[in-house]
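Below is one structure; the comments refer to it alone.
The values are calculated or read from the model by the stated rules, or taken from the named source; none is laboratory data. Given the structure is predicted, the values throughout are model-derived calculations rather than measurements. With ideal geometry, Cβ positions are generated from the backbone for all residues, glycine too; neighbour counts draw on all protein chains shown.
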Amino acid sequence: MKGSLIYEGKAKRVYACENPDRVLIEFKNDATAFNAKKRSEIEGKGRLNCKISAALFELIELNGIPTHFLELHSETFMIADKIEVIPLEVVIRNIATGSLCRETPINQGTILTPPLLDLYYKDDELGDPILTENRLKLLDLISDSQMKEVEQITRSVNKVLKEYFDSLDLLLVDFKLEFGINPLGKLVIADEISPDNCRFWDKRNSDPKERILDKDRFRQDLGGVIDAYEEILKRIEKDSSNAS
């Protein structure tokens, strides 16, 4: 049962549950980019992101990696552990694109070996600035041992998801993870894993624009956002039905 609104972000609302250790997360249809300077509402986006995130959280959990996800409540709501959010965005990059290419001389499409892990301070007003190791320590956001665990978990998730999406003829270009501490004091993956915070390129399409199946279609005004998200879910669901 949905309780009072705890928090509303750009793409989700978080509500209290009868169980104080759990929350109900609603996935909205809002689409934002460039730190919400660009925004729109795209019918059906919340449903797709909720279902994709649930499927990927389940996959990650099956591989022994802890998340806040508990179960789907409906097509746009999931039940999750209530967590203490760590204000850190962890981005892992397998292929160079986006801000990495804007901020460095690295060419678009360069394979990054090993994958590059970047840290950002989660603060919309500051524009989510990139963090150096010394800035991270100065801000005292996370302990050294927790940071090692965050990096280990992120690289493990990357390995699992890269192999999984490769089997679906998709390149996992990069993605963002967020973390928190659950009621048992355990570090877990939080937020979502969807085309809103992952970049996917279709291996079946060589066109540099048409192959994009993620929020870059919204960022770059390419159109077809819902079609792209539906294609990701379709391949996930087809894989699930084949497995069963």
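Descriptive notes on the structure:
- Scanning the stretch 4-38 for residues that are surrounded by 14 or more Cβ atoms within 10 Å (Cβ to Cβ), under 16 Å from Gln220 (Cα atoms) and touching a residue at least 40 places away in the same chain (Cβ under 8 Å) yields Ala31, Ala33.
- Qualifying position, being of a type in the set (A, V, I, L, M, F, W, C) and within 18 Å of the chain's Cα centre (by Cα), among Leu112, Leu116, Leu5: Leu116
- Filter result for Leu233 (assigned by TED's automatic domain parsing to the domain that holds Arg93 and either closer than 18 Å to Leu168 by Cβ or among the aliphatic types (A, V, I, L, M) (or both)): no
- Of the residues Asp140, Asp169, Asp174, the single one that is farther than 21 Å from Val14 by Cα, touching a helix residue (DSSP H, G or I) at 6+ places or on another chain (Cβ under 9 Å) and either modelled with pLDDT under 95 or surrounded by fewer than 20 Cβ atoms within 10 Å (Cβ to Cβ) (or both) is Asp169.
- Residue list for the stretch 203-219, restricted to those being under 17 Å from Ala36 (Cβ atoms) and of a type in the set (Asp, Glu): Asp216
- Selection from the stretch 55-79 of residues that are without any contact (Cβ under 8 Å) to a residue 40 or more places away in the chain, surrounded by 23 or more Cβ atoms within 10 Å (Cβ to Cβ) and not aromatic (Phe, Trp, Tyr): none
- Selection of the stretch 196-244 for residues being closer than 18 Å to Asp30 by Cβ, buried (at least 20 other Cβ atoms within 10 Å of the Cβ) and of a type in the set (Val, Ile, Thr) yields only Val225.
- Residue, farthest from Asn158 (Cα to Cα), within the stretch 198-223, restricted to residues that are of a type in the set (A, V, I, L, M, F, W, C) and assigned to a loop (DSSP other than H, G, I, E, B): Leu222
- Which listed residue, of Ile226, Ile232, Ile236, is touching a Ser or Thr at 6+ places or on another chain (Cβ under 9 Å) and assigned to a helix (DSSP H, G or I): Ile232
- Residue within the stretch 39-46 that is touching a helix residue (DSSP H, G or I) at 6+ places or on another chain (Cβ under 8 Å), part of a helix (DSSP H, G or I), under 21 Å from Phe218 (Cβ atoms) and at pLDDT 95 or above present: yes
- In the stretch 21-38, the residues that are at pLDDT below 95 and either of a type in the set (Asp, Glu) or under 18 Å from His68 (Cβ atoms) (or both): Asp30
Rundown of residues vs (1) free of Cβ contacts under 8 Å to residues at least 12 places away in the same chain; (2) buried (at least 17 other Cβ atoms within 10 Å of the Cβ); (3) of a type outside the set (A, V, I, L, M, F, W, C), yes/no style:
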position	(1), (2), (3)
Ile95	no, yes, no
Gly98	no, no, yes
Arg102	yes, no, yes
Tyr121	no, yes, yes
Ile130	no, no, no
Val157	no, yes, no
Pro183	no, no, yes
Lys186	no, no, yes
